[in-house]
Every structure is written in C-alpha cells, then in structure tokens.
1. When the residues of region 352-372 are narrowed to those that are crowded, with 17+ Cβ neighbours inside 10 Å and within 36 Å of the chain's Cα centre (by Cα), which ends up farthest from residue 300 (Cα to Cα)?
2. Return yes or no: is residue 67 within 30 Å of residue 229 (Cα to Cα), at pLDDT 90 or above, in a helix (DSSP H, G or I) and touching a Leu at 6+ places or on another chain (Cβ under 8 Å)?
3. Look through 310, 328, 385, 304 and report the one residue that is farther than 28 Å from residue 52 by Cβ, outside the structural domain of residue 58 (by TED's automatic domain parsing), touching a strand residue (DSSP E or B) at 6+ places or on another chain (Cβ under 6 Å) and not in a loop (DSSP other than H, G, I, E, B).
4. Determine whether region 199-215 contains at least one residue that is of a type outside the set (A, V, I, L, M, F, W, C) and closer than 17 Å to residue 92 by Cβ.
5. Just the residues that are under 17 Å from residue 335 (Cβ atoms), of a type outside the set (A, V, I, L, M) and buried (at least 19 other Cβ atoms within 10 Å of the Cβ), please, taken from region 232-262.
6. Are any residues in region 378-405 surrounded by fewer than 19 Cβ atoms within 10 Å (Cβ to Cβ) and among the β-branched types (Val, Ile, Thr), and if so, which ones?
7. Within region 189-212, can one find any residue that is free of Cβ contacts under 8 Å to residues at least 60 places away in the same chain, assigned to a helix (DSSP H, G or I) and over 38 Å from the mean Cα position of the chain (by Cα)?
8. Answer yes or no as to whether residue 228 is surrounded by fewer than 16 Cβ atoms within 10 Å (Cβ to Cβ) and either closer than 30 Å to residue 95 by Cβ or not hydroxyl-bearing (Ser, Thr, Tyr) (or both).
Amino acid sequence: MKKRVLVPFIAVAAAASLVFVPVSGHAGVLEIQKQIDQIAQQEKARQKAKEEADKKVSGINGQIKQEQKGVDDLQKEIDEQSKQVMALEQQIADTNLKLAETGKQKAEAEERVASRKSLLESRVRLMYMNGSVSYLDVLLSATSFSDFIDRFQNLRTIVGKDTEILQANERDKEAITQQEAEIKTQLAQVTDMHSQKAAITATLQKNLKQKEVTIASLTKEGQKQENISEEEEAALEKLVKDKQTLYAKLAEEKRKEEAKKNGTAAAAKPVYSGGKLGWPLTINGTISSEFGYRIDPIKKVNKLHKGIDLAAPKGTPVLSADEGTVILASWVSGYGNTVVVDHNNGLVTWYGHMSAISVSEGDSVKRGGKVGEVGSTGDSTGNHLHFEVRKDGGDTPTNPRPYLGL
C-alpha cells in the first residue's frame, strides 16, 4: 500500500464541496455559480500543485537516469579493473612459480659449485701447497722423468679443466642470482600494480555504492512526488465531480425558474437509457490505443488507460458526443487541454490532449458541436484525441466502444 501524502487544500476542498445554501430562484442560481467559481479557484491551486509535483518527478527521473548511466559506466570500469586484477593475480602466481624454480636452479648450481670446488681443492692439494707445485710428491711417485712429466701435465690438465668447470659453474650461479633478482623485481612491480588496481577497484566500488544510495534516495523522493501528483489528480477529479453536481443543480434551478415563469412543472432530469453516442471527430480516425491497463508510454508503468486514443491530424475538429453542459474547459495535468461534458443523464465525456479549446465552462453544447481541435498537449506522444466515457455520473471510466457502437 502506498503511503498517503498529506497535501495542501484537502480540507478546503472538502469543506467547500457540495455546500448548498437552501435558496431557490435567481438567488439560488447566483449562489451555485459562486460555488462553481470557488471550485474553479481550487482547481487552479490543485492544478498548480500537481504540475509542480510532476515537474519534480520529471527532474528526479532525469537525475536517476543520469545517475544510472554513472552506475553503468562504473560497473563497466569495475569489471575491466577486476579482469586486470585477476590477470595480475595470475601473473603473480606464475612469477612466484618462476621464482621458486629459479631458487631451485640456484641451489643446484651452488651445490655443483661446492662439489666441484671440493674436488678441485682435493686435487690441488696433491699438486700445490700455498700456491706452489710440490714437485717432490710428483717426482717421488713417478717411475721416470718422462713419467714425472706426463703425470705433471695430466694433473695440470685435470686441474685446468676443473678450474674451467668451476668458473663456468660460478658464472651460472651469478647468472641465476641475477635472474632471481630480476624476477624478484618483476614480482615486486606486479604486486605493486595489483595493489594499485585493487585500490582503484575498491574506490570504484565505493563510488558505485554511493551512486546506488543516491538513486535509492531519488527514487524515494520521486515516489513521494508521484504520490502527491496522484493525490492532486484524485482531488482534481473530485472537484470536477463536485462541479458537475453543481452544474446539474444549476440546470435544475434554471428549469425550476423557467417553469415558474411559464407556470408549468419542471421537467424531470433525463437518465441515460442506452443508445449510441456521436463520433467525436469530423473524420473517422484510427484507434491507436484501447481502453484498459497498459504500460504508460510516458511514465513506463502499468496504468489504467481510461479511454481510447483516436489518431488524427493536428487541428481536426473535436465534437461533443452528445448534448450537455461543459463542466471543465482548461489545462489538466497529463491530459493537456481538456474539455469535460456532462450529458445530464449519468454520462460524462472527456476530450483530452487538444491543441485548442473552443468552449468555456458552463456552456451548453449540442450533439456534434465543436469543443476543440486535435493536438498533442500534456503527456502525449503524437497528435490524437483521448476520448473517455464515464458513467455513474462521471465516477466510473468505462470502455467507450459500446457507446460509440463499435
């Protein structure tokens, strides 16, 4: 259930509606006309309040649309940043694996260097002492001088090869150490990038949350203004009904006054007993929207369409569907330029979105009499006539098709 919103003038309207002074004749006519004029003033105030609420709703909807675009843009950016964060996380994982593999290679290289160094030191100890060759050991173990020379050359070759291998292993170790340092630097850079991207994503998420809060607040305020607009619309319809009652009372007083002058009894008020209303346009027109619930083309919500829309060129004459009294001829929020005719038989017809109004409140119109011209004023998406038939004295909107013989 919607929360009811208190709006100005409710008490005034209620107090002023249908308060008849028990007088008759010319004085009664004047008093009723005075009450009609008072209602007309209330209608202006209500209309202004409704238009202000509708204007606020329109502005709020514009803000919501803009904020929603911001939300969509932020969400796209968050998605992109999240992809980059995930990619960086994978890169960090891969780099850690690479670093672990490099560490393993470095350990193996260090082990090779240590092993080779140990072997070399063992051999060197056989040939060198404090950096000098121990020729005595070599000579003592040789069987001849040529054997000594061969042994000495062989040992020097072995030691030289071991030295080369040791140096190569040292170079491998240094290369792996350098590679490890580079990988650590790369890991630090990737980790830093990940932290930055994560921080950016967190900021974007925070901004997104703020926009969602803003949208929720705007939506709440928009609903409040919608409630005010609906309250004012209901009050306006009640005023139209009250004015309709007053016009009926006025017509009754005038009939009594006329009958008194002529010395006859006043004729009873007619009651609608079926029959076909006249077509409200000078051309056939096309029914572009039927009576019943539909998605409102302006507000985009499911709402009762209280009449039928007849598509026609701008300026096409709009005709009264039957004789009656004009009880409204003014701008109505949503309806635009509008004429309402009370046919004094329980039926009331509405003619909305007109480009021009050709009658005034209180005028008597004949069946087929011009009341305005087709247009696209109010909440409209193109030139057409919005035609309503309301029964039960104007309280109940009903499908116009049967009344038009369709």
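The values are calculated or read from the model by the stated rules, or taken from the named source; none is laboratory data. All of these numbers come straight from a predicted model, not from anything done at the bench. Counting neighbours? That spans all protein chains shown, and the Cβs are built from the backbone with ideal geometry, glycine included.
1. 355
2. In short, yes.
3. Just a single option satisfies the conditions, and that option is 310.
4. yes
5. Matches in region 232-262: 232, 233, 241, 243, 244.
6. 381, 396, 398
7. yes
8. no
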